[in-house]
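The values are calculated or read from the model by the stated rules, or taken from the named source; none is laboratory data. No experiment lies behind these values; they were computed from the predicted model shown. Counting neighbours? That spans all protein chains shown, and the Cβs are built from the backbone with ideal geometry, glycine included.
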Amino acid sequence: MPVHLTRDLDNLHRSLMTMCTMVEELIHDSVNMLEVPDQEQARKLAERDREIDEYDVRIEEECLKILALHQPVAIDLRRITTVMKISGELERIADLAVHIAERSCSLGNNPKMQVPKKVQEMAKHAVTMIRESIDAYVNLDTALARKVCREDDIVDDLNRQLIRTLSLQMSKSPELVDPSLHLFSATRHIERVADHATNIAEDVIYLVEGEIVRHRSPLD
């Protein structure tokens, strides 16, 4: 591999790792706000999201520059296209973190309700999936990537359980309808975080094996 291409790919990798760290911290902080709503903290999260947006644009520009200057092929080409896709998934996760923070603030403006423990359990799984999907990318580990894809079913099942819990709560306590709806929206955002982590894992499989596995059952 030419020296200049190696250098540019290394810089691209470092930029993506920085972005990933920022996103992981953002989603973690936003989920914690479900327990302790904080308007000022939500505003700061939105500012951090704008920094992540800038990273996403910067990474895309770096990728396009490498494609134009080096015309890479085979796994180098797949790596660049994969980085662009992962960057986009991370940017969307950051957006979801802001939405979760907004829902938490809405919870604070309504009658106090107990946040089910399964919400934190669901969020923990989703954040773990992000970390594992990036580890799979760093280590080119398709076994770990496939594990992430399977873990999405756990988050989906927790989401279904929470929907049932919140529906029952709304029917029994009409005064909790509004906060329950905000919490329902937050859990939906968490479920989407897990979906984006799964997309990253699928991109890793494409990078390593050159095979597109989107829209397939885990059994396939």
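A few comments on the model shown:
- All positions within the stretch 58-84 that are surrounded by fewer than 18 Cβ atoms within 10 Å (Cβ to Cβ), touching an Asp or Glu at 6+ places or on another chain (Cβ under 9 Å) and under 22 Å from GLU202 (Cβ atoms): THR81
- Some residue of the stretch 109-121 being surrounded by fewer than 17 Cβ atoms within 10 Å (Cβ to Cβ) and within 15 Å of VAL193 (Cα to Cα): yes
- Only one of the listed residues (LEU176, LEU158) is surrounded by 16 or more Cβ atoms within 10 Å (Cβ to Cβ), within 24 Å of the chain's Cα centre (by Cα) and aliphatic (A, V, I, L, M). That residue is LEU158.
- Condition check for GLU35: over 30 Å from LEU67 (Cα atoms), of a type in the set (D, E, K, R), modelled with pLDDT of 90 or more and out of contact with any His (no Cβ under 7 Å at 6 or more places or on another chain): no
- The lone exception for HIS196 - which of (1) modelled with pLDDT under 95; (2) touching a Lys or Arg at 6+ places or on another chain (Cβ under 9 Å) it fails: (1)
- Hits in the stretch 17-41 (condition: crowded, with 21+ Cβ neighbours inside 10 Å and in a helix (DSSP H, G or I)): MET19, CYS20, VAL23, LEU26, ILE27, SER30, VAL31
- Test for VAL193: is it under 15 Å from ILE100 (Cα atoms) and either aromatic (Phe, Trp, Tyr) or touching a helix residue (DSSP H, G or I) at 6+ places or on another chain (Cβ under 7 Å) (or both): yes
- Of note, LYS124 satisfies the criterion of being free of Cβ contacts under 8 Å to residues at least 24 places away in the same chain and closer than 30 Å to GLN39 by Cα.
- Within the stretch 186-208, not a single residue is exposed (fewer than 15 other Cβ atoms within 10 Å of the Cβ) and more than 13 Å from the chain's Cα centre (by Cα).
- Considering only residues in the stretch 21-60 that are in contact (Cβ under 8 Å) with a residue 40 or more places away in the chain and of a type in the set (Asp, Glu), the one that is farthest from GLN114 (Cα to Cα) turns out to be ASP53.
- Qualifying position, being under 30 Å from ASN11 (Cβ atoms) and hydrophobic (A, V, I, L, M, F, W, C), among ALA74, ALA101: ALA74
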